[in-house]
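Read-outs throughout are calculated quantities, based only on the coordinates presented, and are distinct from any laboratory measurement. Remember, it's a predicted structure, so these values are computed and weren't measured experimentally. Cβ atoms come from the backbone with ideal geometry, glycine included; neighbour counts cover every protein chain shown.
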């Protein structure tokens, strides 16, 4: 039986990790994800999990040790944020290139400078081309569920690609919410056993991990790797559905909220989703045909689902918790525009919000929807807008 | 009739862990040393699992779709051979503890050159050593970043010409700083740390055995003459390693339980010229402008050697 | 030994064509241990070592010092040179402790058309 608990997003992640009980964790503290390794250490000390916890001296070594551990044939996890993820950057590509099914919950945070420890997608956007599966969660429940699902997605034979479940720093990580924790046994049963394709510890069948590929081989290897990442689309759908059948909660690769008949659709990811949904409800009460499409699976990007969900819209507003410096629009908006190319000619407007923990309220989102109304009516609206930024 | 087997005959019974057909330069010291290390491990009945930092050895032995390795081998990046092996070792402990693996013969060996060890990989190495993973770290010290074309490292000795410590019209010296004493740093972790040379192979093999027996980390620093970067005839690789020991430029010593021991004390300590001359990287020392630098190298060498002897005598 | 056509060339299909992205193993893995043994480095050589078994004391110093596993061993004993692998560095000759040496270098140009027996004769000036 599941039980209802009131715990923070970091605790939700820590409990998911406890229940997964991976063979090895290598992690380094960084705000706001620090409570994850702290809780793991306590769980181990209390005999509640039996993972080998490698208390590395940096995030670079955290992910490096994860690569060594995962190549050695077991289940491996880490967790990090912001500058920690940035320090891992080099090795993220190596982990996905070696097709190692590491699961690394990331509590998303702003990148310096100036130093800021709060929620922001600069870190996870920055690594979106590293070949990892990126799954954005809207609350603690989903963070918990996605970490558990992530193990299955990463280890799916056609995928064998590392997975990054993502939650906004503080907004989710440090907010206490009510959520359902499943039975340890039920989680164990759901994730099953991991059977590695290759292992460094299989000394009878020695293999070489990490050969360097010259120009006549690198390209083929990269294209081969892409196939694994793309396979995560179907795997995510299937595993999420199985999860739903077992635990009663599923999310899909996108979530459509009152968007089927909506003319004005907001697109976003992560913790801001609750705020957007409230705004949509209030606008609907005022007779405005508003809707929301939440992208859960950001990499690989679910183009087909996004096109289907947005093709009836008269104006689209895309929320990005990051500046993609120098680009016409930020990353999610660019992806949405790319998806809609040839499928729609309506205005697709970018809204930057929440940088470095800046508040985004229901009122702000309602203003956006009003602006989308103007855009749908043919009025000129700036293609890129900054919510709650002092001029 | 079967001939009696000597120690080396027995060593040669092992299946080579490192196959030929690799692309290392003719006369490269890397493969000589790593063959000594791995054959010793096999001789002792171990099954080595190896992590290799980016560098000459790595690029020349793992050139897709080829591999020269007959043992499980992983290359992750330049600075993280020690972190990578610590993950592998942690997985070994976890799977063994959980009853998913039963093999007490596995030993972990991480391998880097001076660039990946003294410099960019020092943090990861120190971290792994402090955490106490059971692994032998072998540094093939060729005294510069040879894979990128002989740039200076913190292992490059004073007075050495490299491509980033150039010698020219107004600079007769080359590198102006002394080398970092990495064995001291690793010994300060309270682990077994030793310096060896492929010329003194019995000493090297003894140190490998000792390192692999540790119930924790061990560090082995091995001089690796580099025919290309140092500029000498490929046939002389082991000869230069030997001269480095005989001039006391490369003292063979070890630190165990924080106490040091000088393992080889040359009966006839040769002047440093015996080692330096013939190497293109030191050609500038044998000009009128290089005289002072040459003298200083002798002085630094003597001071270091005397210090090691004194320390040993003092019992720490 | 030529080493050619005795095996499937790594990364190639049976006809010797390079594999495409759909056919290669995932993760850039090389699953055939030590397959570089099929790659000829003997062609790099300008000089080659020639072994005189008559004076050899089987000390294995050449084997120990060889960077290329080009010393052939038979049950632990010195048994010759693997010219498919040998890059001709000459370390084995330097390492050889016998007097006269049991290994000596012969220029590749001189050696290329000779049988092993003729090479030994030429290299060691035997009658």
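Descriptive notes on the structure:
- Crossing angle, helix B:237-246 versus chain B [Cα axis fit, 0-90 degrees, rounded to tens]: 70 degrees
- Here the range A:254-386 carries DSSP beta bridges of which approximately 20% are antiparallel, counting only pairs with both residues inside.
- Prolate/oblate/rounded call for the range C:40-124, Cα gyration tensor, a/c under 1.5 rounded: oblate
- For the range B:169-316, the relative contact order works out to 24 percent when only alpha carbon pairs closer than 8 Å and six or more residues apart are counted.
- Taking chain A as a Gaussian network of alpha-carbon nodes connected by springs under 10 Å, the highest mean-square fluctuation of the residues A:345, A:34, A:329 belongs to A:345.
- The distance linking the range A:181-250 with the range B:153-216 is 41 Å (Cα centroid to Cα centroid, whole angstrom).
- Label positions at residue A:226 and residue A:250, each projected 7 Å from the Cα along the C-beta direction, are separated by 2.9 nm.
- Nearest-ten-degree value, helix A:215-247 long axis tilted from longest Cα axis of chain A: 80 degrees
- Tensor-based shape of the range A:254-386 (alpha-carbon gyration tensor, a/c under 1.5 rounded, otherwise prolate or oblate): rounded
- Neighbour-count ranking [beta-carbon atoms within 10 angstrom, fewest first] of B:250, B:230, A:217: A:217, B:230, B:250
- Computing FRET efficiency as 1/(1 + (r/R0)^6) for residue A:45 and residue B:163, where r is the C-beta to C-beta distance and R0 is 41 Å, gives about 0.20.
- Taking every C-alpha pair closer than 8 Å and separated by at least 6 residues, the mean separation divided by the residue count of chain A gives a relative contact order of 16 percent.
- Residues A:43, A:292 in ascending order of nearby Cβ atoms (within 10 Å, fewest first): A:43, A:292.
- Whether the range A:267-340 is rounded, prolate or oblate, judged on the alpha carbon gyration tensor where a/c under 1.5 counts as rounded: prolate
- Comparing Cα centroids, the range B:112-140 and the range A:14-81 end up 21 angstrom apart.
- Residue with peak Gaussian network fluctuation, chain C [Cα springs, cutoff 10 Å], from C:70, C:111, C:33: C:33
- Mean projected area (nm²) of the alpha-carbon convex hull when the range A:3-247 is viewed from all directions: 13.1 nm²
- Mean separation of Cα contacts under 8 Å, 6 or more apart, over the residue count of the range A:254-386: relative contact order %: 28 percent
- The fewest-to-most ranking of A:205, B:133 by surrounding Cβ atoms within 10 Å reads A:205, B:133.
- Most fluctuating residue given options A:337, A:223, A:249, as computed from a GNM of chain A linking Cα atoms under 10 Å: A:223
- Principal-axis tilt of helix B:291-314 within chain B, Cα atoms, nearest 10 degrees: 50 degrees
- Label-point separation in nm, residue A:286 to residue A:325, each point 7 Å along Cα→Cβ: 3.7 nm
- Rounded to 5, the percent of DSSP beta bridges in chain A classed as antiparallel: 25 percent
- Percent of beta bridges antiparallel (DSSP, the range C:40-124, rounded to nearest 5): 100 percent
- Projecting label points 7 angstrom from Cα along Cα→Cβ for residue B:188 and residue C:108 puts them 4.9 nm apart.
- R0 of 51 Å, Cβ-Cβ distance residue B:202-residue A:278: FRET efficiency to nearest 0.05: 0.10
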